[in-house]
1. Alpha carbon centre of the stretch 117-143 versus the stretch 18-48: separation in Å?
2. Please report the relative contact order for the chain, taking Cα pairs under 8 Å with a sequence separation of at least 6, and give it as a percent rounded to a whole number.
3. Per residue, how much accessible surface does the stretch 92-212 expose to a 1.4 Å probe? Answer in Å², no decimals.
4. When the helices in the chain are scored as -39500 (n - 2.57) per DSSP H run of 4 or longer and the sum is shared across all residues, what 222 nm value do you end up with, to the nearest 500 deg cm²/dmol?
5. Convert each backbone phi in the stretch 23-32 into a coupling constant with the Karplus relation 6.51 cos²θ - 1.76 cosθ + 1.60 (shift: θ = phi - 60°), then list the ³J(HN,Hα) values in order as whole Hz, x for Gly and Pro.
6. For Leu54, Leu194, what's the largest-to-smallest order of accessible area, 1.4 Å probe?
7. Computing the accessible area with a 1.4 Å probe over protein heavy atoms, can you report the carbon and sulfur percentage for the chain?
8. Determine how large the accessible area of Arg186 is when every protein chain is in place; take a 1.4 Å probe and give Å² rounded to the nearest 10.
Amino acid sequence: GKAGSAQSRAVELSNSAYQPGEKGAAGQRQDPTAILRDARAVADATAFDTNVALQGLQDFVSKTGDLETGRAVFKDLAVLSKATGTELNDMVSAAADVSIALGDTDNKGQKVAEVMRAIAGQGKLGAVEVKDLAVQMAKLSASAGQFAGDRGRSIAVLGALAQEARQRGGATSAASATTSVAAFSRDITKGKTLKNFGAAGIDVFADKGKTQ
């Protein structure tokens, strides 16, 4: 029964990821057998049930529409999930937010994995565990868009600021820490603040109106 369910999930995943007319992998129907094989390999390596692994991939695709990146990054997410005690669906959801924030980029799976490893590392050293921060990742990912430069690095820096907000800045939870970081990002990039920077002779613009 589990084998049949896994096969059905793989077929559904292939169908849901297929976008006729799109360029690249999204415009090509991915082989359900290959999807199932990859999911089973990740499940075996990380002690997850294959159906749970497939559901994780489905959650990533539901949020991003990008099965190719999901397959590329999924093993890393499963390993991080086990290592940090984070629910797989929370880890996947956080990675999906990062993927959306990164936009179109080469080696996207690798870049998403690098950001998630940085966030996980901060959780081990800081005051907010990654299992708590993962569900707040959308705030950090959205705030990163306020700044020019490498988006993945910006997310990692904002994650570090969230740790500081929780540890030393008076934030009482992961939610309040990330809310504080989001508020900081808005405040430092709003018009009045930018005018004050300009009046002080500081040019904060890197390109296209985004702050450095």
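1. If you average the Cα positions of each part, the centres end up 27 Å apart.
2. Relative contact order of the chain: 14 percent.
3. About 51 Å² of surface per residue is accessible.
4. -23000 deg cm²/dmol
5. 7, x, 4, 5, x, 10, 5, 7, 5, x
6. Leu194, Leu54
7. Ligands and nucleic acids excluded, carbon and sulfur give 49 percent.
8. It works out to around 140 Å².
The values are calculated or read from the model by the stated rules, or taken from the named source; none is laboratory data. Since the structure is predicted, the reported quantities are computational estimates derived from the model, not experimental observations. Glycine gets a Cβ as well: all are built from the backbone with ideal geometry, and neighbour counts include every protein chain shown. Accessible surface is based on the protein model in full, side chains and every heavy atom, while ligands, DNA and RNA are left aside. Shrake-Rupley method; radii C 1.70, N 1.55, O 1.52, S 1.80 Å.
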